[in-house]
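The values are calculated or read from the model by the stated rules, or taken from the named source; none is laboratory data. Quick caveat: nothing in here was measured; it's all calculated off a predicted structure. Every residue, glycine among them, receives a Cβ derived from its backbone with ideal geometry; neighbour counts consider all protein chains shown.
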Amino acid sequence: MMKEVPMYNPKISKVIDNINKVMVGKEEISVLSLVALLAKGHILLEDVPGVGKTMLVRTLAKSLDCDFKRVQFTPDLLPSDVTGVSIYNPKEMEFEFRGGPILGNILLADEINRTSPKTQSALLEGMEENHITIDGQTIPLNDPFFVMATQNPIEYEGTYPLPEAQLDRFILKLKMGYPSQEEELEILAKTSVNHPIESIGPVMDKEELLGIQEDVKHVYIERNVQSYIVEIVSATREHPSVYLGASPRSSIALMKAAKAYAFIHGRDYVTPDEVKYLAPYVLSHRIILNSQAKFEGLTREKLVQDVIQDSNVPIRKESYS
């Protein structure tokens, strides 16, 4: 049986094709990254080293002709290393602000859990408000602004778990996973002489990206689909295995992600299928299981799947078409 080829919006298809020239077997992750970007959200990418996390965000930035910045988070990193600092200019006899990497378009926050909570929180204001405050002065961030943060789930020594307030700022939490043997062979063939990222160029500019982000806002979502979102999110708060359920921000995030996913697939309306597919990526990192559930080996992803299974899917008299 032949695998069904996804149909994408022509505006987005060229970006996905460009990313596929570099990333082998990661089309789903590429699409989800674009979901977060078009919804004006941010991504937490959790996986082991060497599976292509950095390459993905570099390829995305190059495909969109965006200013790419990278911060390698370490225990001694200061908030000013992220946001920037005011330096006194003796010639002008005044302080001059020198912006940090947060003033780029696409920011890779590499191994974010290796730095202190104080430095982690330097990203919070920018991720939520799209501006930063330095010495009492509010400085707007560039538009578009997109953070892809990575963390290693294996090494816990010398790390600082992300606080709930920061986890809630990420619209999606993703895992890349290892490639199959066939995909790994293709990776070897592609990188035998030169890395394929060197041969790709931009296929979309920032102005077109900003226009698409505006288009995504106007994707239609019916009241009953909104109710479906609220039912799923509310169920995480009432589940007996949950200590802390998903916040109202989760409902907004799931709605925005569903709109972006529908747009990417060439539709101007949201169906329940988008909600069902995206809910584990949007909600799993926003809930806390109680001690009994952890003892029994229940995962947050499994709990969200169970909640979806028990929720009533909205049905229209006429089909979504």
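Points to keep in mind about this one:
- Here PRO240 meets each of (1) surrounded by fewer than 19 Cβ atoms within 10 Å (Cβ to Cβ); (2) in a loop (DSSP other than H, G, I, E, B); (3) not assigned by TED's automatic domain parsing to the domain that holds ASP306 with one exception, condition (3).
- When each of PRO49, PRO10 is tested for being surrounded by fewer than 18 Cβ atoms within 10 Å (Cβ to Cβ) and farther than 21 Å from MET204 by Cβ, the lone residue that passes is PRO49.
- Filtered residues of the range 268-316 (kept if more than 19 Å from VAL233 (Cβ to Cβ) and either β-branched (Val, Ile, Thr) or crowded, with 18+ Cβ neighbours inside 10 Å (or both)): ILE315
- Residue match in the range 215-231 (condition: assigned to a helix (DSSP H, G or I), in contact with a strand residue (DSSP E or B) (Cβ under 7 Å, 6 or more places away or on another chain), at pLDDT 95 or above and under 30 Å from LYS14 (Cβ atoms)): no
- One residue stands out among those in the range 160-195 that are closer than 24 Å to SER33 by Cβ and modelled with pLDDT under 85: the one that is nearest to the chain's Cα centre (by Cα), which is GLN166.
- Looking only at the range 263-313, and only at residues there that are touching a residue at least 60 places away in the same chain (Cβ under 8 Å) and in contact with a Ser or Thr (Cβ under 7 Å, 6 or more places away or on another chain), the one that is farthest from PRO240 (Cα to Cα): VAL282
- Residue match in the range 167-182 (condition: more than 27 Å from SER13 (Cα to Cα) and assigned to a helix (DSSP H, G or I)): yes
- Meets criteria (outside the structural domain of ARG58 (by TED's automatic domain parsing), buried (at least 16 other Cβ atoms within 10 Å of the Cβ), in contact with a helix residue (DSSP H, G or I) (Cβ under 7 Å, 6 or more places away or on another chain) and under 17 Å from GLU274 (Cβ atoms)) for GLN226: yes
- Filter pass, LYS256 being surrounded by 16 or more Cβ atoms within 10 Å (Cβ to Cβ), without any contact (Cβ under 8 Å) to a residue 40 or more places away in the chain and not assigned by TED's automatic domain parsing to the domain that holds GLU164: no
- Residue among ALA165, ALA149, ALA109, ALA122 that alone is farther than 30 Å from ASP205 by Cβ and out of contact with any Cys (no Cβ under 6 Å at 6 or more places or on another chain): ALA165
- Strands (runs of 3 or more DSSP E) completely within the range 96-151 that count 3 or more residues being more than 14 Å from ALA165 (Cα to Cα) and touching a residue at least 60 places away in the same chain (Cβ under 8 Å): 146-151
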